[in-house]
């Protein structure tokens, strides 16, 4: 078995790491803007959630009172251990289904690999890690697609099912409802420190490989109708999208937001990704943060990989970090204090 003790560091073969490599949200919205408003094609199914509000996954209602939830997610190595990278990538891909209130059914591997540079045994470890998490989730894995690529990438296309009348969407927020966060922040700065120094942070790996299944089930049981997961656009970016889609303003209590051990030390040492800085730049025109310093805002915008759920509602055992408010009417979507 090939383990993390191999001489080659996987993160050294990537220009960035994990969800911090996402195309910046503002650029992405410009790219897909021309795809909005298309008339529905002829064929089976009714599109319930598509591109319009940039939700976590697409949802199509089919016959029998069932909705199909479809998503795809892949990224460059976020850790050096091949098996753990596979686990993290699949937990992250499954999260989009959970964030919509669905249950994953089948996943298809997506693998890009520099076959003349890195041994295929390492690729097998990545796939083995992904399979382990899919099995934990009760999700079938059935084949996939691979390409020879100078930069390693891995993820999964996932199809799930949901009750079309019990979806959790990012455009269904209601003023006066509290906001709950189900995983601590700080994954981005810890992953950046790992990439630069080789230090291993078990608390970050544990958080990234934890499925969002239990949190999603608790949210559905509580009657939650609005949620999103917190990944590459950071808490501020995903909250901005949720508030904008719902026509509201969100307030965050910065002191209530939990962080992983070592996150603040990593920030102080300068381990901030370009993706995190781009997140904050994107949200800043819509942000009011009186009395909150730049370092705190960078942590709130930290690009997460396989982060938790941001839920409009209270979930036992998880911290309430703010609330949804009526729209301010001046373009402000996020207040931080």
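What does the highest-first list of 191-201, 61-71 look like by mean Cβ count within 10 Å?
191-201, 61-71
Could you give the length gained on full extension between residue 222 and residue 148, defined as 0.36 nm per residue of separation minus the Cα-Cα distance, in nm?
Net length gain for the segment: 22.1 nm.
Between residue 40 and residue 199, what is the FRET efficiency for a Förster distance of 35 Å, r being their Cβ-Cβ separation, to the nearest 0.05?
0.10
So what is the relative contact order for the chain, in percent, with contacts set as C-alpha pairs under 8 Å and at least six apart?
Relative contact order, the chain: 23 percent.
With an 8 Å Cα cut-off and a minimum separation of 6 or more residues, compute the relative contact order for segment 198-337 in percent.
So the answer I get is 45 percent.
Quickly estimate the mean residue ellipticity at 222 nm for the chain, helices only: each DSSP H run with n ≥ 4 gives -39500 (n - 2.57), and the total goes over all residues, rounded to 500.
-9500 deg cm²/dmol
So, R0 is 30 Å and r is the distance between the beta-carbons of residue 106 and residue 52; what FRET efficiency does that work out to, to 0.05?
The pair residue 106/residue 52 has a calculated efficiency of 0.70.
How many nm is it between the label spots at residue 255 and residue 326, if each spot is 7 Å from the Cα in line with the beta carbon?
About 2.8 nm separates the two model spin labels.
What ranking, highest mean first, results for peptides 181-187, 139-145 when packing means the other Cβ atoms within 10 Å averaged over each residue?
181-187, 139-145
Take each of the peptides 310-320, 149-159, average the number of other beta-carbon atoms within 10 Å over its residues, and list them starting from the highest.
149-159, 310-320
Counting DSSP beta bridges with both partners in the chain, what percentage is antiparallel, nearest 5?
Of all bridge pairs located within the chain, approximately 75 percent are antiparallel.
Count the DSSP beta bridges whose two residues both fall in segment 178-336, then state the antiparallel fraction as a percent rounded to the nearest 5.
Given both bridge residues lie in segment 178-336, the antiparallel proportion sits at roughly 70 percent.
Every number in this text was worked out from the coordinates using simple rules, so none of it is lab data. It should be emphasised that the depicted structure is a prediction, and the values quoted were computed from it without experimental measurement. All Cβ positions, glycine included, derive from the backbone under ideal geometry; neighbour counts span all protein chains shown.
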